[in-house]
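Okay, here's the structure, questions in a sec.
The values are calculated or read from the model by the stated rules, or taken from the named source; none is laboratory data. Keep in mind that what you see is a predicted model, and the values were worked out from it rather than measured. Neighbour counts run over all protein chains shown; Cβ positions are idealised from the backbone, glycine included. The area values use the complete protein model at the heavy-atom level, side chains included, leaving out ligands, DNA and RNA. Shrake-Rupley method; radii C 1.70, N 1.55, O 1.52, S 1.80 Å.
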Amino acid sequence: MYCKNCGYKIEGNLHICPYCGALVDNTSKEVKTSNKRYWLIPFSFAIMVAIAVTFYFFYEIGVNKKVEEIRAKAEDMALQGNFDTALNFAKKGLALRPNHKVLQQDLVLINFGKTVYEKLETANKYADDKKFDLALKSISAVDKDLEGRSGEYFDMLSNLSKKYKTQVEVKQLYDDAKNKNTIDELADALSRLSYIDSPDAKNIDKLIRQKIANIAYSNANELLKDKQFNEALKVIEKAMQYDSSNAKLISFKKTIVDQKTAFENAEAQRMQQAMISAAKEDAMNRTNAVSVLNVKNYINGYGDFVIEGEIKNVATKPIYEVEIYYAIYDANGNTIGDGNTYVYPVYLTPLQKGSFSNIHYGLSNADHIKITGINWYID
């Protein structure tokens, strides 16, 4: 070993240089190396801490990203009106981040939206039970809850309320129209419907126009029986103002015109009346002029009993003004009503087919019908 101060070679394990008197470090190289290694322990620990912090940092980023995705889905579902699904997403997000302020606010808003939806559904049930005042009162309460609130979410809820209000108003209009039996009354219902833009309103509009056609057809038939041709034409033309393409009305109008012309060209009014009376009496005594081909009935989506059928003229002469009489039964075979309707076209040549139909409004317990009689006139 050599002295670090003067370079003198020192023998043995002396701690002081005999030449210059400087202190001598005679610690072995191995010991120094060992001492240096003790510094690796805190360094390794620091690296482990850094790795743990880094892992935790990226883990938290991942959780935050997942919570944000869940929050976005919750808000999207709420905007679509899927409140239960939205609630599930919001609760799932809060399970990961219980103190997430935005999710907490979202949870409150989603619950508010669900309450609004439940109130609107209650209003709809009231309307189904014909409690229209209660239904509209419930919707007004919802509108009051939404008053003064703005934003995409509240706009969606407001539009939902308007949709339910429209449905209730349409149901109320249709229920009112069921009790109307004149063209003018039903025309007023159509006018009120014209301000409502919805699929339900269009369906009800169609049903009301069909009822107008049926009323006109029946009334005109009664007038035609009394040879009141001009009055019958007025009734049909008035109905055609509301359904100009109705095949039933178009056909009947032609029949009225043809019969009016034939009647006016008759040689004598008294002879014509006598011939018609004789034809009527002869037709009433016959039972093989009309063959019923089929009859079907069903309950439509509004609880009305619809009857449709087809007949055929099996006589050797033309027949006209065929009137079908029937009884209505429930599923247990009990008679619950009766009715009559006319076949169109009004004038049927031999082997020609004709159709008949009718609607009994609100008769939802009807199951089937039985034809009890058929009247017609022979040309």
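For a quick check of understanding: with a 1.4 angstrom probe and all protein chains in place, what accessible area in square angstrom does M77 have, to the nearest ten?
My reading of the accessible area for M77 is about 40 Å².
Using the per-residue mean of other Cβ atoms lying within 10 Å as a proxy for protection, in what order, highest first, do the peptides 179-192, 97-110 fall? Before the final figure, lay out each step's value.
Working: 179-192: 14.3, 97-110: 16.0.
Order by mean packing, descending: 97-110, 179-192.
Near the amide H of G337, under 5 Å away, which other amide H atoms are found, from residues 5 or more places off or on another chain, if H is placed in the peptide plane?
For G337, the qualifying residues are I328.
In nm, what is the difference between 0.36 nm times the number of residues separating N64 and M275 and their Cα-Cα distance? Walk me through the numbers before you get to the answer.
Details: separation 211, 0.36 × 211 = 75.96 nm, distance 9.53 nm.
Full extension of this stretch gives 66.4 nm more.
Still on this model: Provide D205, D143 ordered by accessible surface of protein heavy atoms (probe 1.4 Å), highest first. Write down the numbers at each step before the final one.
Details: D205 35, D143 65 Å².
Descending order: D143, D205.
While we're here: Could you list which residues have their amide H under 5 Å from that of D304, counting only those 5 or more apart in sequence or on another chain, with H placed in the peptide plane?
For D304, the qualifying residues are G362.
Holding the Cα-Cα limit at 25 Å, pick out from K206/K227; K92/K137; K114/K163 the pairs that are longer than that.
On the way: K206/K227 31 Å; K92/K137 36 Å; K114/K163 16 Å.
Flagged as over cut-off: K206/K227; K92/K137.
Throw me the Rg/Rh for the stretch 293-377, computed over C-alpha atoms with Kirkwood Rh, two decimals. Show your work: numbers first, answer last.
On the way: Rg = 13.7 Å, Rh = 13.4 Å.
Rounded to two decimals, Rg over Rh is 1.02.
With a Förster radius of 45 Å, plug the Cβ-Cβ distance of I250 and K125 into 1/(1 + (r/R0)^6) and report the FRET value to the nearest 0.05. Could the numbers behind the result be given before it?
Values: r = 42 Å, r/R0 = 0.93.
In this case the efficiency is close to 0.60.
Now a separate question. Read phi for every residue in the stretch 94-105 and hand back ³J(HN,Hα) as whole Hz from Karplus 6.51 cos²θ - 1.76 cosθ + 1.60, θ = phi - 60°, with x for Gly and Pro.
5, 5, 8, 9, x, 9, 5, 4, 5, 5, 4, 5
Hey, another quick one. Calculate the length of the line joining the C-alpha centroid of the stretch 106-155 to that of the stretch 300-345, in whole Å.
44
Leaving out ligands, DNA and RNA, what percent of the accessible area of the stretch 118-205 is carbon and sulfur, probe 1.4 Å?
Working: 2270 of 5180 Å².
Answer for the stretch 118-205: carbon and sulfur cover 44 percent of the accessible area.
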